[in-house]
Each structure stands twice: as C-alpha cells, then as structure tokens.
Amino acid sequence: MTTEDIIQPENRVYGKPSLMNDTPMHYCPGCSHGVVHKLIAEVIEEMGIEEKTVGICPVGCAVFAYRYVDIDWIEASHGRAPACASAVKRLWPDHLVFTYQGDGDLACIGTGETIHALNRGENIAIIFINNAIYGMTGGQMAPTTLMGMKTATCPYGRQPDLHGFPLHVTDIASTLEGTCYVTRQAVNTVANIRKAKKAIRQAFENSVNKRGSSLVEIVSTCSSGWKMSPEKANQWMEENMFPYYPLGDLKNVNKE
Amino acid sequence: MKKDIVLLKGNEAIAKAAYRYGYDGFFGYPITPQSEILETLSLDKPWETTGMVVLQAESEIASINMVYAAGATGKCAMTSSSSPGVALMQEGISYMAACEIPGLVVSVGRGGPGLGTIQPGQADYYQAVYGGGNGDYHCIVLAPDSVQEMADFMGLAKELMFKWRMPLIILSDGVIGQMMEKVVMPPFQPRRSDDEIREQCPWATNGLGLKGRKYNFMSSLELDAAEMQKRNRAMTDKYNRICETEVRYESYKADDAEYIIIAYGCSARISMNAVDRLRSEGVKAGMLRPITLWPFPTKKIKELASHCKAMLTVELSEGQMVNDVRAAVEGEVPVSFFGRSGGVVPSPHEVYEAFKELVKP
C-alpha cells in the first residue's frame, strides 16, 4: 500500500484551502497573520464567493496579504483601507468587501477613516490584527501598546505623561450606530482559531447581506517585535493582552 | 434633434455632466469655491436615475482614496475640491498614477498658499502639472475656459483617463466654477455594465471572472529596485506617447501674430479682450490658450516664437506657467509675465495695458 492509497480524499481531516496560493511565507515564526490569512481563505472558499470578493490590504506586515489569498486585492495607502472599502462596496453592492488592517493602520493614522466608515454603517467587514506594536517598521509604539510595555520608541515602557493611553478602538466601534457586529477574538489555541473563523464568517455574511459594518479584532502576537519566542509570546499575550483586551462579542445586533 | 440648452454655473455643469456622461461615483468633501458640485449632485439624486453613487466623505484624503479604489475596480469615479483640499489629495493621486488607475479630480482653484482665500486663483498650476505627490508621475491636466468646457471636458476626461489608465485633473478656477453661462448639455450615456467593465478593464480588481484567470491586485509597492525602475520606465514611455498625441490648445488669432499672450482658464477669457483691442489698433496681436496643461503645447509655442516678436503670459499667480513658456521658446523671444494673485482678478483693461507695453517701439 502506497502513501497515495492511504491518503484518499475521504480519509483527509485537513487540507490547504484552495484559495491559499503557494507563496513563500514572509511572516515571522509564531506570527498570527498566517493563521488569519488561512481562515479568510477558508471562509471565502466555503461561501463560494471568490468571484464577488474584493479585499483591501493595509500598509504594515500584511502589505503582501494579496500574495497569499487567491482573490482580487487593492493595496490601500496607510490607514485608508476603510475609505477604499466604502467606495468599492457602494459601487459593487452585492460583493463581499473587507479590509485587513493592523493596529497602527486602523487605530492611528487611519482612525478617521475607520470611525467614519463604521459610523456610516458601510456594509464592509474589517479584520483588525492587534499586536500592540508596529511590526514591519521594527517594533515601535502603537496606539494599542499596553502601559509599561517596552518598544523601540518607548524603550523605558509606555508612560501616560509621555505617550498617552492605549486606544480602545474596538470598544469605541461598538458604540457606533452603524456597526452591527463587533467582536474580539484570538488565534492562540485551536479552540480560539475555530471561534475566530466563525466570527470572520459572520462578518463576511454581514457584508454580503448588507447588515451594516462588522469589526473583528484579533488579539495577536508579534514575536519579533516583542522580542520573545513564539511560545513565550503566546503566554505573554494571555497574561497581559487578554486582561486589557478581553475576548468575546462586544456587539451583535443580528444574533437570534 | 432639439439641443438641451441650460443656464448653469461652472460647478453645476460639472455635476450634471458627470451623471450624463455615465460616471459611476462621486466622492467629495465641501470646500469653497466648488461646493456646488456635491450640492448639485445631492439635489439631483442621480443614484435614482443612472445609479451613480454620490458620497460626502469625511475628508479630502478619504475622498481621493475612494476614487483610487473605485477606479481600481474599473469604475469611472471622480472627486472635486479646491486648492488646500487638492493638496491633501496628492498622496492618493500619486498612488493612482503608480497603479495606473483611472480617476478624475476636478480642482477649482482659489488663492493660496495655505488656507489662502476663497477668491479665484491659478496658483495651483505647479500642483497639477508637476504633481504635489511623491515620485515620477504625471496627470493629464485639462483647463476649461468656459462653463461649456466644464461640461464637455467631463466626457473628454472619461475617455482619456481610461484610454491611458491614469489620473486626470480638470484644473479650473473660482471664476469658471462660479460664473453662469449658457451650456449645451451632453445627451445621457449609460453607465458601463459589469460585462463591459470585465471586457474593457481586464486589469480591474473586482473579482469578475476570477475562476478563469489569475488574481488581480493593485499595488504601488515594489521592493526590488531594478523592478521599480522598470515600472517607472514603462510609465515614462506612456507619458512620452501622451506628449506626442494628446496635446490640445486653442489658437486665437495667433498664427500671424507678432505679439502673443499665453493664457489658460479665466485668464484666457480676460486676455481675449486685450487681443481684440490691440488688433483694432492695427497691432498683430494673438493668443494661444493651452487646453492641456500637461501635456503642454511646447512645440506649438516654439513654432509661434519663430515668427513673433514677444510673448506675455497672463496668470492668476505670481508666475508659474510662464516658466514652461520660457522653456518652450528657448530664448528665441522675450517672454514677459503679468499676474495677479491672492484672489485678485485683473480687469481686461489691466491686461491690455500690460500687453501694450510689449508693443512699444
């Protein structure tokens, strides 16, 4: 019996999503982006809507997101993805339109675009990777950097008098009338990956069905930026990020 | 067929021509002296008739990025603004040029710099022609001198920006935007269907037909220096072809003229009077009005320089286009400058006086 004989489709419990391209992984070991990219590919494949999907990539580590998921993508300038998505969804009202953004992109330079797209109730989904740091530029302070946390631009730890406070952008989003679904997830365990996938699916269905704006925050690690091993980073996230950014739905107006 | 003639402000003509020419979307932010464009679209509700999307964005930055993304999906989209607002859009325009995305910016100039004034200005020639954004790029720049041209250039803009896949600027000014004239309106053209977009824009990122092709993406990022240079060189080749084929100008009594005014937009309308007065006094006066500010009518100006004695550039600025005119004539004739700035509009008599200075023996 050869390996081919054993590996029959009916025996498989897992497979690479057909919408994942064979691109050499540029993300660091332990990074959450790879898992979230895969979830997006799986959900679009399961919904069968790749011919009616437009993704908007950010500036940041996920600037190359378009290389991984086999759909049409637009690369936005830094922070402007929600504005891009607003226009695309209004012009292609039956499409799934989503953005993929990090904390610096969504909650700092693009705060205006984020708040206003969500407040208009644009029928878009926003996937928000919050790892509390600027990854691509080498680990500088982000709007969501925790108090006391050390980064390249707050090397002695974030202090309120020097740097202000972490921005609870997802909490703000949940207060806006235009949002229909605001949730905070993580991909550090298999159970959490499954929950995150369900959240992404719901956000994408909200976009297709024109139910309003959805925001899915994924509390994430940045092993390189945090200067920790992947395992240690996960542990640090659980101990420090989760108490400050607790997981769960903040708002779900369509829940039966 | 009976002509559709109406009395409109220049700004209103832009708005009404937009949905008549089948534009798919307008994204803009209020700023004087061009707010009538968004106001007219909001009043006329084209989304109920042609399906055109109209959205008041949160800023000029959001507006231009909406146009960027709309154009990326193959839709015909536009925004409009005035000087400081257009300054905010420069990054987005650079991205559009880099990704070769069609899209229209209507720029109704006021006096600057900074917040400046809400009175008319032409001090954004450099901003439009030389680009306020980063990198090697150009936009096609059309300069209307009448309300009729405000309407007509909406059709020309649509044609050119999709033909060449690049951003296009209609550079107007507060005079043309605010003044009222009789306009023959264009007939209604339907917006393009999804099938037409799929056929005409195979590069567009809209998902259409994805199963039968490789995915499309719009990105100006290229980390490989040699590849980036290759992209830039290809764009330069395109720009060179545009310079050879798309130059437009109006020659007003210029072909036998000994004294020539070079002016565009409202300055051209004012200067026409000075040309006529000098002609009536027996002086061979004329005017060349560049319609495309980029590509600039360099060859035509050089040709005129070979048989005229002097040129005068008239602008509502401290002198911007005059440098392109001087570069074009390559020292063959003296080029003088007459300008008013900060919102001051010269009278025809002032231009006449300045023009007459040239004729002194």
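Data for the structure
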read-out: Built amide H within the under 5 Å cut-off of B:Gly343, gap 5+; value: B:Gly111
read-out: Label point distance in nm, B:Gln56-A:Glu10, each placed 7 Å from Cα along Cα→Cβ; value: 6.3 nm
read-out: Amide H contacts under 5 Å for A:Cys57, placed H, 5+ residues apart; value: A:Ile74, A:Glu75, A:Ala76
read-out: Exposure proxy order (Cβ contacts within 10 Å, fewest to most) of B:Glu350, B:Glu227; value: B:Glu227, B:Glu350
read-out: Exposure proxy order (Cβ contacts within 10 Å, fewest to most) of A:Thr53, A:Thr99; value: A:Thr53, A:Thr99
read-out: Estimated [θ] at 222 nm from DSSP helical runs (n ≥ 4, -39500 (n - 2.57)) normalised by residues in the protein assembly as shown, nearest 500; value: -10500 deg cm²/dmol
read-out: Neighbourhood net charge (9 Å Cβ-Cβ; Lys/Arg +1, Asp/Glu -1) for B:Leu278; value: +2
read-out: Shielding of B:208-219 by partner chains, average beta-carbon count, 10 Å; value: 6
read-out: Net charge, A:Leu39 excluded, C-beta distance under 12 Å - Lys, Arg +1, Asp, Glu -1; value: +3
read-out: Alpha-carbon centroid distance for the pair the range A:169-200 / the range B:87-148, whole angstrom; value: 40 Å
read-out: Summed side-chain charge close to B:Pro144 - residues other than B:Pro144 whose Cβ falls under 12 Å, Lys, Arg +1, Asp, Glu -1; value: -3
read-out: Unit charges at the beta carbon, dipole of the range B:44-186: most positive-side option, B:Met66, B:Val141, B:Gly51; value: B:Gly51
read-out: Vicinal HN-Hα couplings computed from phi for the range A:126-139 (Karplus, 6.51 cos²θ - 1.76 cosθ + 1.60; Hz; Gly/Pro x); value: 10, 9, 10, 8, 10, 10, 6, 7, 7, x, 5, 7, x, x
read-out: Estimated FRET transfer efficiency (B:Leu223, A:Asn254; beta-carbon r; R0 60 Å; 0.05); value: 0.90
read-out: Pairwise FRET efficiency - B:Glu244 versus B:Ser347, Cβ, R0 = 35 Å, nearest 0.05; value: 0.35
read-out: ³J(HN,Hα), Karplus 6.51/-1.76/1.60, whole Hz, each residue of the range A:220-229, x for Gly, Pro; value: 10, 9, 9, 3, 5, x, 7, 6, 9, 5
read-out: Ranked list, fewest to most other Cβ atoms within 10 Å of each Cβ, for A:Thr145, A:Thr2, B:Thr292; value: A:Thr2, B:Thr292, A:Thr145
read-out: Rounded to the nearest 20 debye, dipole of the range B:1-82 from Cβ charges on Lys, Arg, Asp, Glu; value: 360 debye
read-out: Within straight-line cross-link reach of B:Lys163, lysines at Cα separation under 19 Å, skipping those fewer than 8 residues along the same chain; value: B:Lys75, B:Lys238
read-out: Equivalent ellipsoid semi-axes - Cα gyration tensor, chain B, angstrom; value: 36, 24, 18
read-out: Semi-axis lengths, Å, the range A:26-252, gyration tensor of Cα atoms, sqrt of 5 times eigenvalues; value: 27, 18, 16
read-out: Given A:Lys16/B:Lys214; B:Lys3/B:Lys299; A:Lys52/A:Lys195; B:Lys182/B:Lys309, the pairs whose alpha carbons are separated by over 27 Å; value: B:Lys3/B:Lys299; B:Lys182/B:Lys309
read-out: Amide H contacts of B:Ile140 (H built 1.01 Å from N, under 5 Å, at least 5 apart or other chain); value: B:Ile169
read-out: Karplus 3J(HN,Hα) series, Hz, for the range A:183-197 with 6.51 cos²θ - 1.76 cosθ + 1.60 (x for Gly, Pro); value: 9, 10, 10, 8, 10, 8, 9, 4, 4, 5, 4, 5, 5, 5, 5
read-out: Selected from A:Thr151, B:Gly114, B:Gly177, residue furthest toward positive end of dipole (the protein assembly as shown; charges at beta carbon); value: B:Gly177
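None of the figures in this text is laboratory data; all of them are computed from the coordinates on show. Just so we're clear, the structure is a prediction, and the values are computed from it rather than from any experiment. Note that each Cβ is placed from the backbone with ideal geometry, even for glycine, and that neighbours are counted across all protein chains shown.
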